[in-house]
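Here the structure is laid out as structure tokens; the discussion comes afterwards.
No lab work stands behind these numbers, since they all come straight from the coordinates. Since the structure is predicted, the reported quantities are computational estimates derived from the model, not experimental observations. Backbone-built Cβ (ideal geometry, glycine too); neighbour counts: all protein chains shown.
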């Protein structure tokens, strides 16, 4: 590692965490209805949709509205993908997707996963990108943030019968946050050289008198919401490693900032809403510590180089550059990929399949921790709230006292729902990966044998179930088994966790808000932050460490012994 590389990582965190405070203040203002500078437009949407913005929703109503919207948009996106041949802006006459691939892709973009089992340049038209994928990048991101806002309201007072109005939250988040920032970011990307056009494609003439067709399209706007909404679905198959999506070091830094800033801003918004800013800072600190350790750890693993190349005397001085862009190098590549897997973005500017085993283990493990560092927009916040409830429960067991969090008693109902959400995702990841590895179809999808092949499959199921969307590039995912299996995992991972969380919010909202007493466990200091980090890591480690040991850890020791598959 170099001082310059460590300074780059520090720069990313300084920019993100510094901007998290004004972002959190602005988010709280949106959630509380204090941002209305486009009120006529906002009210027009309500009238057009027949929505009563003053209607308060119980958690059940909120969950039903969210799920119904997701179902409708899943069906609409499935139809668009199947019929994309008939949509405008299809200059290459790309046919409609197969039923299996359309199901997988519709599930992916509806759930903010944005897993791509297709090659965008050859399997999806510009029209389907615009009318289908980009629309869902906004809606899925806004739905996740809305769920986080509902959870925040549960802690603001006692005896609450509602947690907000889903349609109002969705509209305001889209109108006052996602759209304006995406427009500004897209403009900056266009200035940097990212295409934004409805032109078909361009033809480049090569030095040997040949020609090459290069896809272009409305890339910049999709790139902006891809990162800002922690979506990750690239316009090109190479994603943010493609120079048309990410031309230089400055755009790489901008995109890294975009994919992190909402996630770190949400706990700050929480502190504002509960009138105790230290509570938000404590959650943000736990997120930041884990992510920073992940960035430094991955950088160290990649900067060390490949043991086999070192033994052969051909190791690159700058570390393991396989699968990385020279214009970014190891520090920026490691930071971007860890940021994308610490969130649920799934975007990449280098390819994790080519990382050293320990370098690939850290992004995998960050997903398995539950995407809380800082996680997807909204989903990361409400997931860390689940872990915070489990942390105060553990603390309560230690002292023999009913646990409390922000004046709300945490009882059996909330803990059962929290554990249901945590354990059920692990079951889906491990069972899905295990089943795939005993079928001919699943084994046929692997590019590699041995531990690396196990990691490819385990990574795919972790990425889908945790709604991340990144992949070990060696996996051939467009098969019936993985299209339908991973598609179901995405839907399951989104809603089987979100519904129990909203139920927890409804239960806590109805409880009285008790004043602190001498026996109240403090949830703002280093002790709580350390306990919270421990609960997150132990729950992840206990579930996934055996499988991770057989995959990347086993491959690491094989490489040290001079062996490979």
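With helices as the sole contributors, the chain gives -20000 deg cm²/dmol at 222 nm; each DSSP H run of n ≥ 4 counts as -39500 (n - 2.57), and the sum is divided by every residue.
How high is the FRET efficiency from residue 200 to residue 322, r the C-beta distance, R0 45 Å, rounded to 0.05? The value I calculate is 0.85.
What's the exposure ranking of 93, 242, going from fewest to most Cβ atoms within 10 Å?
Arranged by neighbour count, lowest to highest, 93, 242 become 93, 242.
At 0.36 nm per residue, minus the direct Cα-Cα distance, what do residue 208 and residue 14 gain on full extension? Give it in nm, one decimal, please. Don't skip to the end; give the middle numbers.
Working: separation 194, 0.36 × 194 = 69.84 nm, distance 4.75 nm.
In short, 65.1 nm is gained.
Across q = 0.15, 0.16, 0.30 Å⁻¹, region 1-59 modelled as identical point scatterers on its alpha-carbon atoms has Debye log10 I(q)/I(0) values of -0.67, -0.70, -1.14, in the order of the q list.
Each Cα pair under 8 Å and six or more residues apart adds its sequence gap; the mean of these over the residue count of the chain is a relative contact order of 20 percent. For region 121-190, the square roots of the Cα gyration tensor eigenvalues, ordered a ≥ b ≥ c, give a/c of at least 1.5 with a/b greater than b/c, which places it in the prolate category. The Cα atoms of the chain cover 76, 58, 46 Å along the three principal axes, with the biggest extent listed first. In this simple spin-label model, placing a label point 7 Å from the Cα along the Cα-to-Cβ direction at both residue 6 and residue 311 gives a separation of 3.0 nm.
Ranked by the mean number of other Cβ atoms within 10 Å of their residues, highest first, the peptides 504-513, 201-210 come out as 504-513, 201-210. In this rough spin-label picture, where each label sits 7 Å from Cα along the Cβ direction, the residue 563-residue 293 distance is 3.1 nm. Taking max minus min of the alpha-carbon positions on each principal axis, region 390-445 gives extents of 53, 18, 15 Å, largest first.
The equivalent ellipsoid that matches the C-alpha gyration tensor of region 131-275 spans semi-axes of 38, 15, 10 angstrom, in descending order. With neighbour counts taken as other beta-carbon atoms within 10 Å, the residues 19, 295 rank, fewest first, as 19, 295. Built from the Cα atoms of region 380-559, the convex hull projects on average onto 11.8 nm², one quarter of its surface area. With contacts taken as Cα pairs under 8 Å at a separation of at least 6 residues, region 303-446 carries a relative contact order of 13 percent.
Take the Cα of residue 61, go 7 Å toward its beta carbon, and the backbone nitrogen atoms of region 163-207 under 13 Å from that spot belong to 163-168.
Normalised by residue count, region 39-192 yields a Cα convex hull volume of 145 Å³ per residue.
Taking packing as the residue-averaged number of other Cβ atoms within 10 angstrom, the listed peptides 256-267, 34-45 run from highest to lowest as 256-267, 34-45.
Its residue count N sets the reference 2.2 N^0.38 Å, and the alpha-carbon radius of gyration of region 364-477 equals 1.32 times that reference.
Counting beta carbons within 10 Å around each of 111, 187, 230 and listing the fewest first gives the order 187, 111, 230.
Between rounded, prolate and oblate, where does region 145-223 land on the alpha carbon gyration tensor, with a ≥ b ≥ c its root eigenvalues, rounded for a/c under 1.5, else prolate if a/b exceeds b/c? The shape class here is prolate. Across region 454-470, the residues whose backbone nitrogen lies under 20 Å from the label position 7 Å along the beta-carbon direction of residue 476 are 454-461. Remark on region 241-371: hydrodynamic radius 15.6 angstrom, per the Kirkwood mean of 1/r across alpha carbon pairs. Report note on the peptides 521-530, 21-30: ranked by the mean count of other C-beta atoms within 10 Å, highest first, their order is 21-30, 521-530. Here the extension length gained between residue 397 and residue 93 equals 103.2 nm, from 0.36 nm per residue of separation less the Cα-Cα distance.
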